[in-house]
1. Need a quick list: strands (runs of 3 or more DSSP E) entirely within the stretch B:1-47 having at least 1 residues that are within 26 Å of A:Q6 (Cβ to Cβ) and of a type in the set (V, I, T).
2. Evaluate the following for A:G98: is it at positive phi and within 14 Å of chain B (Cβ to nearest Cβ)?
3. Give the residue that is nearest to the other protein chains (Cβ to nearest Cβ), with candidates limited to residues of the stretch A:64-95 that are among the β-branched types (V, I, T) and in contact (Cβ under 8 Å) with a residue 60 or more places away in the chain.
4. Taking the stretch B:64-99 only, how many residues are of a type outside the set (V, I, T), under 18 Å from B:Y32 (Cβ atoms) and assigned to a strand (DSSP E or B)?
5. Just wondering, is there one or more residues in the stretch B:29-45 that are of a type in the set (S, T, N, Q), in contact (Cβ under 8 Å) with a residue 40 or more places away in the chain and closer than 22 Å to A:S95 by Cβ?
6. Confirm whether B:E44 is of a type outside the set (S, T, N, Q), at pLDDT below 95, on the phi < 0 side of the Ramachandran plot and out of contact with any helix residue (DSSP H, G or I) (no Cβ under 7 Å at 6 or more places or on another chain).
7. Does the stretch B:54-63 contain at least one residue that is assigned to a strand (DSSP E or B), more than 17 Å from A:G98 (Cβ to Cβ) and more than 14 Å from chain A (Cβ to nearest Cβ)?
Amino acid sequence: DAGVTQTPRHEVAEKGQTIILKCEPVSGHNDLFWYRQTKIQGLELLSYFRSKSLMEDGGAFKDRFKAEMLNSSFSTLKIQPTEPKDSAVYLCASSLGGDTLYFGAGTRLSVL
Amino acid sequence: GDSVTQTEGQVTVSESKSLIINCTYSATSIAYPNLFWYVRYPGEGLQLLLKVITAGQKGSSRGFEATYNKETTSFHLQKASVQESDSAVYYCALSGYNTNTGKLTFGDGTVLTVKP
């Protein structure tokens, strides 16, 4: 079975650019999560979808972060405009509806 | 809010020696959170190592064990004899608010290096 697929693996952006990260969850999983990982803050939840409906959009990240789930097998995370403090690893995860998560390998974003 | 504390950022152990990685938690949103250990091997994504949902019970996987201790609010990860292939980053986590979602609270992670 294919796991969670994230693209690209690495992204470099100039300050002010718009970037879009992509995620394909495990086939058949109902829940999809976007997490951000930094050395200072650790793993933080950005967004959470259940059956394509946005359940939580991570309050502090509402401003410039927008996650969408266009269909049950594809999600995007848009950051607009990017800032240097957005440099982090962005992780996508999916689950069958419980709390056991399957993670992708992540996208490492560097904002210059 | 909920929190998870891993006191050691890095641990180095010689192969075949025993290991303990400490994890304590504070769950204000739910009385009995589910507890997890996730692991990230070099070049790979985070994956579930073990999960325990009942206080007092022990979970085990790949030679690792962790016991859900509600009295001390701890969930330490142990292994009797580590191997070089166990070198990875280990994350303790809990599922608060609603254990039917993947809204997990993670610790900061412990980098384990096993020396040959």
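The values are calculated or read from the model by the stated rules, or taken from the named source; none is laboratory data. Computed from a predicted model, the values in this text were never measured in an experiment. Cβ atoms come from the backbone with ideal geometry, glycine included; neighbour counts cover every protein chain shown.
1. Details: elements: B:3-5, B:10-14, B:19-21, B:24-26, B:34-40.
Hits in the stretch B:1-47: B:3-5, B:34-40.
2. So A:G98 fails the test.
3. Filtering the stretch A:64-95 down to residues among the β-branched types (V, I, T) leaves A:76, A:79, A:82, A:89.
Cutting the leftovers down to in contact (Cβ under 8 Å) with a residue 60 or more places away in the chain gives us A:79, A:82.
On the way: A:I79: 20, A:T82: 23 Å.
The residue in question is A:I79.
4. 7
5. Residues of the stretch B:29-45 of a type in the set (S, T, N, Q): B:29, B:34.
Next cut, in contact (Cβ under 8 Å) with a residue 40 or more places away in the chain only: B:29, B:34.
Remaining after also requiring closer than 22 Å to A:S95 by Cβ: B:29, B:34.
Scanning the stretch B:29-45 turns up at least one residue that is of a type in the set (S, T, N, Q), in contact (Cβ under 8 Å) with a residue 40 or more places away in the chain and closer than 22 Å to A:S95 by Cβ.
6. Numbers: of a type outside the set (S, T, N, Q): yes; at pLDDT below 95: yes; on the phi < 0 side of the Ramachandran plot: yes; out of contact with any helix residue (DSSP H, G or I) (no Cβ under 7 Å at 6 or more places or on another chain): yes.
So B:E44 passes the test.
7. Within the stretch B:54-63, one or more residues are assigned to a strand (DSSP E or B), more than 17 Å from A:G98 (Cβ to Cβ) and more than 14 Å from chain A (Cβ to nearest Cβ).
Quick grid of which residues meet (1) more than 22 Å from A:K39 (Cα to Cα); (2) touching a Cys at 6+ places or on another chain (Cβ under 9 Å); (3) more than 8 Å from chain A (Cβ to nearest Cβ); (4) free of Cβ contacts under 8 Å to residues at least 12 places away in the same chain:
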| residue | (1), (2), (3), (4) |
| --- | --- |
| B:K51 | yes, no, no, no |
| B:Y68 | yes, no, yes, no |
| B:Q78 | yes, no, yes, no |
| B:V82 | yes, no, yes, no |
| B:K103 | no, no, no, yes |
